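Here is the structure we will look at, set down as structure tokens.
Each value in this text was obtained by applying a stated rule to the coordinates, not by laboratory testing. Source: prediction; values computed, not measured. Methodologically, a virtual Cβ is constructed for each residue, glycine included, from the backbone with ideal geometry; neighbour enumeration extends over all protein chains shown.
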Amino acid sequence: MTRNDSGERRAIVVGAGIAGLAAAMRLHRAGWQVLIAERAPARRSSGYMLNLVGGGYDAAERLGILPALAERDLGLFTSILVKADGTPKLTVPAAVVAAAVGPRAISVFRGDLESVLYEAVRDTAEFRFGTTVEAVEQDGDGVTVALSDGTTERAELLLGADGLHSGVRRLLFGPEPEHRVDLHHMVGAFPLRRTPREPAEGSGTTFIGPRRTAAVVNLGPDRSSAFFAYRAADPESELERGPARALAEAFGDLGGGVPEALAGLRDDPGGAYFDSVSQIVMDGWSRGRVALLGDAAWCVTLFAGYGAALALAGADRLGAALERHGDVAAALADWEAELRPEVRKRQALARRGIAQFAPPTRAHIWMNELTMRAIRLPGLRQLVQRSVRSAR
Ligand SMILES: Cc1cc2nc3c(=O)[nH]c(=O)nc-3n(C[C@H](O)[C@H](O)[C@H](O)COP(=O)(O)OP(=O)(O)OC[C@H]3O[C@@H](n4cnc5c(N)ncnc54)[C@H](O)[C@@H]3O)c2cc1C
């Protein structure tokens, strides 16, 4: 059955992350009934801090989740660029950061964004946690999906919103190496279980050195986090070492709040995000009635600072395309044509963004510092603001 007893169109969404939950929300609004299969046994929270600006903020507004997100907004903080030993080099007050970013911006933990989306769909979508997809077959009328819980489900549309290492992509579009472009960097990001002693509450320190960045943000209890990015010739061996060892080796020489953050990770590595930085580049995001969405289809990486934004915008536009077209194939074609230029732009910006997070030379570090210094000077601030906002 591709429709339920009430005659609603049925979709199966794989992955209860940002893209999957936003799609479930938007498809429900478009009159669809949604079943979500999520590999994790239960919902998780916390994670790393992310910013929604520009198109991401607009999409959150269209989805109607801004008021709930505003309650969890981490706000902006004083940004301190530090030397390797943790001593300050340059301070940008929170008010100046706010002026550069503009009013339409919000910072939340990834888990909080997921929670807001989950609350919005928990009563309308059917959830199967601890479940993944094992086989997919399509015919003229619909798609039949064998799930790992032993059931078989039928729907008009299957969405693979299962992230960078998507299982749906592997099943329908071929092995991961055919689509994954390794950028040869690693990222580690995690919440700090204990409020850090350094830096002071309401501020964050960033060390940017050749080929690496370390940031520690203190926003008080349960709101503090750390972030690390570095160049890695062999990401596989970094992954084998695991976050605690790999990050200690790459950042163990730094001072300030870094040693305490790394010690916290060693004692409790559970909530850490640690992965190689890769983009997903595909010729097409759908095959018949199966479409990929979010990082599974077009991962832009954290260097773009825009993956969650695209997950929300992609889900919102997919719902709108399904409202415009009764025919699934026509809707998917229209949706992809509309979204692709934005994804291409973000992937290109991310490749350029590497020089900000892991500067290849001292000249790049100097240029970064110059931008931060310029933002503090009223005369140049507007120029920097324009360039910050035009990158959205
Ligand atoms: C450190 C860091 C900072 C970032 N900062 C920003 C930022 O400031 N702004 C921004 O817009 N973006 C940011 N991003 C990017 C953003 O977090 C991602 O692009 C976004 O989370 C992608 O959402 P998604 O739903 O596509 O994938 P995911 O969030 O990865 O969700 C995928 C879901 O699918 C589930 N799953 C995986 N495999 C299977 C399977 N086989 N079967 C069933 N379920 C499965 C997973 O458990 C997960 O729940 C950042 C990323 C990182 C790592």
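Just want to confirm a number: the relative contact order over the range 263-313, from Cα pairs under 8 angstrom separated by 6+ residues, in percent.
30
Would you pull out the residues with amide H under 5 Å of ILE36's amide H, same chain only if 5 or more places away, H placed 1.01 Å from N?
VAL13, GLU126, PHE127, ARG128
In whole Hz, what ³J(HN,Hα) sequence does the range 252-263 give by Karplus (6.51, -1.76, 1.60; θ = phi - 60°), x for Gly and Pro?
Computed from phi, the couplings for the range 252-263 are x, 7, 7, x, x, x, 5, x, 5, 5, 5, 5 Hz.
Between GLU137 and GLU323, how many nm apart are label points set 7 Å from Cα along the C-beta direction?
3.6
In whole percent, what relative contact order does the range 64-216 give with Cα contacts below 8 Å and a gap of six or more residues?
Once normalised by length, the contact order is 23 percent.
Looking at the square roots a ≥ b ≥ c of the eigenvalues of the Cα gyration tensor of the range 65-115, which shape do they give, rounded for a/c under 1.5, prolate if a/b is larger than b/c, or oblate?
Verdict is oblate for the range 65-115.
Place a point 7 Å from the Cα of LEU370 along the Cα-to-Cβ direction; which residues of the range 71-106 have their backbone N under 18 Å from it?
90
Considering Cα pairs under 8 angstrom that are at least six residues apart, work out the relative contact order of the chain and quote it in whole percent.
Relative CO of the chain lands at 21 percent.
Sort out for me the Cα centre separation of the range 65-128 from the range 314-341, rounded to whole Å.
First find each Cα centre; the distance between them is then 29 Å.
Please say if the chain is rounded, prolate or oblate, where rounded means a/c under 1.5 for a ≥ b ≥ c the square roots of the C-alpha gyration tensor eigenvalues, and otherwise the choice is prolate for a/b larger than b/c and oblate otherwise?
Taking the square roots of the gyration eigenvalues as a ≥ b ≥ c, the chain is prolate.
First check a/c for the range 151-246, with a ≥ b ≥ c the square roots of the eigenvalues of its C-alpha gyration tensor; if it is under 1.5, answer rounded, and if not, answer prolate when a/b is larger than b/c or oblate otherwise.
It is oblate, given that a/c is not under 1.5 and a/b is not larger than b/c.
Counting only other residues whose beta carbon sits under 15 Å from that of ARG287, what net charge do I get with K and R as +1, D and E as -1?
So the surrounding residues net to -3.
Given points 7 Å out from each Cα along the Cα-Cβ axis, report the MET282 to GLU178 separation in nanometres with one decimal.
Taking the simple label geometry, MET282 and GLU178 are separated by 1.1 nm.
So who's got an amide H within less than 5 Å of the one on LYS89, skipping anything under 5 residues away but keeping other chains? H placed 1.01 Å off N, in plane.
LEU81, VAL82, LYS83
Counting only DSSP beta bridges with both residues in the chain, tell me the antiparallel percent, nearest 5.
Restricted to the chain, the bridges split so that about 70 percent are antiparallel.
What number, rounded to the nearest 500 deg cm²/dmol, is the helix-based mean residue ellipticity at 222 nm of the chain, given -39500 (n - 2.57) per DSSP H run of at least four residues and division by all its residues?
Helix contribution divided over all residues of the chain: -12500 deg cm²/dmol.
Skipping prolines and chain starts, which residues have an amide H placed within reach, meaning under 5 Å, of the one on LEU50, given they are 5 or more residues away or on another chain?
Amide H to amide H, under 5 Å and 5 or more residues apart or across chains, LEU50 pairs with VAL108, PHE109, ARG110.
At R0 = 56 Å, how high is the FRET efficiency between THR361 and SER148 if r is their beta carbon distance? Nearest 0.05 is fine.
Efficiency computed from Cβ-Cβ geometry: 0.70.
Modelled label-to-label distance, ARG351 and THR2, 7 Å Cα→beta-carbon offset: nm?
Each label point is offset 7 Å from its Cα along the Cβ direction, giving 3.8 nm.
With springs only between Cα atoms under 10 Å, which of GLN138, GLN33, GLN347 fluctuates most in a Gaussian network model of the chain?
Most flexible of the set in this elastic network: GLN138.
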